[in-house]
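Asks: First the structure, then my questions, so here it is.
The values are calculated or read from the model by the stated rules, or taken from the named source; none is laboratory data. Everything numeric in this text was worked out from a predicted model, so none of it was measured. No Cβ is skipped: glycine too gets one built from the backbone with ideal geometry, and neighbour counts run over all protein chains shown.
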Amino acid sequence: MPPREGVYGLLAEFNTPGELVQATKLAYGAGYRRMESYTPYPVEEAAEALHFHKTRVPLICLLGGLMGLTTGALLEIWINVWGYPLNLRAMPLFSWPAFVVPAYEWTILFSGLSTCFGMLALNGLPQLYHPLFNAPNFADGASTDKFFLCLEANDPRFDRLETRKLLESCSPISIVEVQH
Amino acid sequence: MATQGPIPEIDDPMIDPRTGEYAVIAPGHTFKSVTQKVAGIVLTDNTPMAWLGGLFLAATVAMGVVVAVTWLVLKGVGIWGITIPGAWGFAIINFVWWIGIGHAGTLISAILLLFKQTWRNSINRFAEAMTIFAVCCAAMFPLLHVGRPWLGYWLLPYPNSMNVWPQFRSPLAWDVFAVSTYATISIVFWYMGMIPDFGTLRDRAKSPLAKYAYGMLAVGWRGSTRHWIRYESASLLLAGLSTPLVLSVHTTISFDFAVAAMAGWHTTIFPPYFVAGAVYSGFAMVLTLAIPIRKFYHLEDLVTLRHLDNMAKVMLATGSIVGYGYGMEVFMSWYSASHWEYFMMWNRMFGPMGWAYWVLVLTNLAIPLTTLWSRKLRVNAAYLFFLSFVVNIGMWFERFVIVVTSLYRDYLPSSWGTYRATKWDYMLFIGTWGLFSTLFLLFARFAPMVPMSELRTMLPQTKIGKGGEDAKAVVQEAI
């Protein structure tokens, strides 16, 4: 893929989470959809303002858990009943209560790993380069104490002047045009 | 209880006048100030001399592990004091002790998260680190105890030319699964929790090496709201998974004992009593680490007396469960009317190694469970520091009593023996303290010890009024 060029979006910087939420609501109301806010800690209200509610992380976790349970249980049953049957203390070969603990542990192992890696994958991480890192004030604030709203250029309503006007009406500290 | 009592000196700025409780974070902090405080520890150019000295000392002690393991590999487990009948000895005592210590970290990071105990935010990161390093030390022991550690992978189910597979009806095979899962999930949870903080460090780092290293570790985290929502969801799910996991790990370890038909081991109270004991010793270790760290790095604003008070309360509760466990063991050995149980308990209390039982009663019950009721002592850092050592000594003796006294005098008097640890046992055990301290000191220097992103959520500036209009007023007030 050739490197993209041009404007990525307009990045507005705010001091408080409240201002960010208000600005997001305003932009959403004005019809913008391709936008994203950036905060130094999770702000639920900001996600609501973006109308972002559902994540598929729990589903991935459930699927991972089911996979771990099945893998663990089948592995134990195959090994102890068919693969390597041993007569120990005259216990039945299929002594399922003894199989509970390892199957349980693998349920947790698989679901835990799929939760973490699933979350990263849904987030598109690892992604070491992102256009926003080009914004001079982003690195200094987004992971410390500032709140950012980025209206992206690939939104059909995006217009350099109109969008800037909209953002200015929210009185941010700064508005930066981010290049790819 | 104590919190209902008279409100203490009201002029103490750390006390919230509305509740009479110590504040979780000292007033007057901003997003920037908490970030600077925590990131400054890692990103400073001046490594404190005391840290270097501590690392040198810890690494020297950790050499004990290298020497003892090398000699063990060359000579075999015969260099240890283990014999028949006392075949478990230090290896299993230390294994159970270390892994028990780890349990408080998961309890703090997972169970207290589910219960919305936000005070945990300041201490969960280094408690999780403690878990991982304790599990490292713990896992070493059973692996060496199998005799040929280089064949340790035989414990895992994998297709091999010998056509031999593990035997899943043994609790010792369950242990492999429980401990390896515990280690993996703890590392995943710990690392995932650090990703946003690594992002902060990447953005604040000055040196190119630090920027690069933290940048790689942060995997490009940029604090996007959609990312945060998925991240929070994953954190909650991992907490929900870790909670039954941590309970199951020590339960499985207690099965190693309880499934055996041995007087003093074969009892149903072992799982809950082991888990409570694990949390008890783990909180003691968190105090051992937290009290010097908050002093040395001036983190008293973030790890406040409220934290110490709460941790002491958890110790009081779990210590009481442990005390109940001891009482029940004594009661059942009488009530079971079993000659063997009765003798085991007599031998445990008044036999040749009876002194160990009374050490554990003194250090696990008599000293902590009488003094922790006092609020004055619970907020006295020096006393808690002392007590944390007392409890960890006591918990080590608890495992010593369980492992050794049940084994060395069993059913057949002609096979009675005794147990004496050798210098190699001591060297390896003391070496693991050095290993643990070395790893912890490295963590304290190079990773964010206190989760910055979670601390930010505890500040008053995060409050948003309807539509956001109150936010400014709140912030102005807070600053």
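Asks: State all residues of segment B:208-218 that are in contact (Cβ under 8 Å) with a residue 12 or more places away in the chain and either within 28 Å of the chain's Cα centre (by Cα) or more than 10 Å from chain A (Cβ to nearest Cβ) (or both); if no residue qualifies, say none. Steps first, answer last, please.
Replies: In the first step, residues of segment B:208-218 are kept if they are in contact (Cβ under 8 Å) with a residue 12 or more places away in the chain; the result is B:210, B:214-215, B:217-218.
Matches in segment B:208-218: B:ALA210, B:TYR214, B:LEU217, B:ALA218.
Asks: For the subset of segment B:396-444 comprising residues that are under 18 Å from the mean Cα position of the chain (by Cα) and surrounded by fewer than 18 Cβ atoms within 10 Å (Cβ to Cβ), which member is nearest to B:LEU52 (Cα to Cα)?
Replies: The extreme case among them is B:LEU442.
Asks: In this structure, is B:ALA178 within 8 Å of another protein chain (Cβ to nearest Cβ), within 26 Å of the chain's Cα centre (by Cα) and not aromatic (Phe, Trp, Tyr)?
Replies: yes
Asks: With the requirement that a residue be touching a residue at least 24 places away in the same chain (Cβ under 8 Å), more than 15 Å from A:VAL43 (Cβ to Cβ) and surrounded by fewer than 24 Cβ atoms within 10 Å (Cβ to Cβ), what does segment A:21-33 give you? Please lay out each step first, then the result.
Replies: Of segment A:21-33, the ones touching a residue at least 24 places away in the same chain (Cβ under 8 Å) are A:21-27, A:30-33.
Still in the running and more than 15 Å from A:VAL43 (Cβ to Cβ): A:26-27, A:30-33.
Result: A:LEU26, A:ALA30, A:GLY31, A:TYR32, A:ARG33.
Asks: Condition test on B:LEU144, is it over 12 Å from the mean Cα position of the chain (by Cα), of a type in the set (A, V, I, L, M, F, W, C), in a helix (DSSP H, G or I) and within 24 Å of B:LEU442 (Cβ to Cβ)?
Replies: Values: over 12 Å from the mean Cα position of the chain (by Cα): yes; of a type in the set (A, V, I, L, M, F, W, C): yes; in a helix (DSSP H, G or I): yes; within 24 Å of B:LEU442 (Cβ to Cβ): yes.
For B:LEU144, the condition - over 12 Å from the mean Cα position of the chain (by Cα), of a type in the set (A, V, I, L, M, F, W, C), in a helix (DSSP H, G or I) and within 24 Å of B:LEU442 (Cβ to Cβ) - is met.
Asks: Continuing with this model, one more query. Regarding A:PRO58, is this residue facing chain B (nearest Cβ under 7 Å), assigned to a loop (DSSP other than H, G, I, E, B), out of contact with any His (no Cβ under 6 Å at 6 or more places or on another chain) and without any contact (Cβ under 8 Å) to a residue 12 or more places away in the chain?
Replies: Taking the combined requirement at face value, the residue does not satisfy it.
Asks: Is there a residue in segment B:258-273 that is assigned to a loop (DSSP other than H, G, I, E, B), away from chain A (no Cβ under 11 Å), crowded, with 20+ Cβ neighbours inside 10 Å and touching a Phe, Trp or Tyr at 6+ places or on another chain (Cβ under 8 Å)?
Replies: yes
Asks: Which of the residues that make up segment B:205-214 are part of a helix (DSSP H, G or I) and surrounded by fewer than 20 Cβ atoms within 10 Å (Cβ to Cβ)?
Replies: B:PRO208, B:LEU209, B:ALA210, B:LYS211, B:TYR212, B:ALA213 - these are the residues of segment B:205-214 that are part of a helix (DSSP H, G or I) and surrounded by fewer than 20 Cβ atoms within 10 Å (Cβ to Cβ).
Asks: Now a separate question. Any idea which of B:ARG226, B:ARG202 is at the interface with chain A (Cβ under 7 Å from one of its Cβ atoms), crowded, with 16+ Cβ neighbours inside 10 Å and of a type outside the set (Phe, Trp, Tyr)?
Replies: Of B:ARG226, B:ARG202, the one residue that is at the interface with chain A (Cβ under 7 Å from one of its Cβ atoms), crowded, with 16+ Cβ neighbours inside 10 Å and of a type outside the set (Phe, Trp, Tyr) is B:ARG226.
Asks: Please go through (1) assigned to a helix (DSSP H, G or I); (2) of a type outside the set (S, T, N, Q); (3) within 23 Å of B:TRP346 (Cα to Cα) for B:GLY417 and return the number of the only condition it doesn't satisfy.
Replies: It is condition (1) that B:GLY417 fails.
Asks: Can you tell me how many residues in segment B:105-135 are surrounded by fewer than 22 Cβ atoms within 10 Å (Cβ to Cβ) and not hydrophobic (A, V, I, L, M, F, W, C)?
Replies: So the count comes out to 3.
Asks: Another question about this same structure. Being among the acidic types (Asp, Glu), modelled with pLDDT of 85 or more, within 11 Å of B:THR225 (Cα to Cα) and touching a helix residue (DSSP H, G or I) at 6+ places or on another chain (Cβ under 7 Å) is the requirement here; does A:GLU36 meet it? Write out each step before concluding.
Replies: Numbers: among the acidic types (Asp, Glu): yes; modelled with pLDDT of 85 or more: yes; within 11 Å of B:THR225 (Cα to Cα): yes; touching a helix residue (DSSP H, G or I) at 6+ places or on another chain (Cβ under 7 Å): yes.
Here the answer is yes, as A:GLU36 does meet what is asked.
Asks: So, one more: Being part of a helix (DSSP H, G or I) and either touching a residue at least 60 places away in the same chain (Cβ under 8 Å) or out of contact with any helix residue (DSSP H, G or I) (no Cβ under 6 Å at 6 or more places or on another chain) (or both) narrows it down to one residue among B:LEU362, B:LEU369; which is it?
Replies: Being part of a helix (DSSP H, G or I) and either touching a residue at least 60 places away in the same chain (Cβ under 8 Å) or out of contact with any helix residue (DSSP H, G or I) (no Cβ under 6 Å at 6 or more places or on another chain) (or both) holds for just one of B:LEU362, B:LEU369, which is B:LEU362.
Asks: Does A:PHE158 meet the test of being farther than 30 Å from B:ILE253 by Cα and among the aromatic types (Phe, Trp, Tyr)?
Replies: Here the answer is yes, as A:PHE158 does meet what is asked.
Asks: In segment A:85-119, which residue that is within 7 Å of another protein chain (Cβ to nearest Cβ) and over 31 Å from the mean Cα position of the chain (by Cα) is nearest to B:ALA239 (Cα to Cα)?
Replies: Among those that are within 7 Å of another protein chain (Cβ to nearest Cβ) and over 31 Å from the mean Cα position of the chain (by Cα), it is A:VAL101.
Asks: As an exercise: evaluate B:ARG375 against (1) surrounded by 14 or more Cβ atoms within 10 Å (Cβ to Cβ); (2) at pLDDT 90 or above; (3) more than 19 Å from B:PRO85 (Cα to Cα); (4) not polar (S, T, N, Q) and give the number of the one condition it does not meet.
Replies: Looking at each condition in turn, B:ARG375 falls short on (2).
Asks: Identify, from the list A:GLY9, A:GLY18, the residue that is buried (at least 18 other Cβ atoms within 10 Å of the Cβ) and either more than 7 Å from chain B (Cβ to nearest Cβ) or in contact with a strand residue (DSSP E or B) (Cβ under 6 Å, 6 or more places away or on another chain) (or both).
Replies: A:GLY9
Asks: Same structure, new question: Can B:ASP203 be described as on the phi < 0 side of the Ramachandran plot, over 19 Å from the mean Cα position of the chain (by Cα) and not β-branched (Val, Ile, Thr)? Walk me through it before giving the result.
Replies: Details: on the phi < 0 side of the Ramachandran plot: yes; over 19 Å from the mean Cα position of the chain (by Cα): yes; not β-branched (Val, Ile, Thr): yes.
Answer is yes for this residue.
Asks: I've got another one for you. Looking at (1) at the interface with chain A (Cβ under 10 Å from one of its Cβ atoms); (2) part of a helix (DSSP H, G or I); (3) modelled with pLDDT under 80, which one does B:ILE464 not meet, given that it meets all the others?
Replies: The one condition B:ILE464 does not meet is (2).
Asks: Taking the condition of being facing chain B (nearest Cβ under 8 Å) and assigned to a helix (DSSP H, G or I), how many residues in segment A:139-154 meet it?
Replies: 2
Asks: Got at least one residue in segment A:123-137 being at the interface with chain B (Cβ under 9 Å from one of its Cβ atoms), assigned to a helix (DSSP H, G or I), within 30 Å of A:THR39 (Cβ to Cβ) and touching a helix residue (DSSP H, G or I) at 6+ places or on another chain (Cβ under 7 Å)?
Replies: yes
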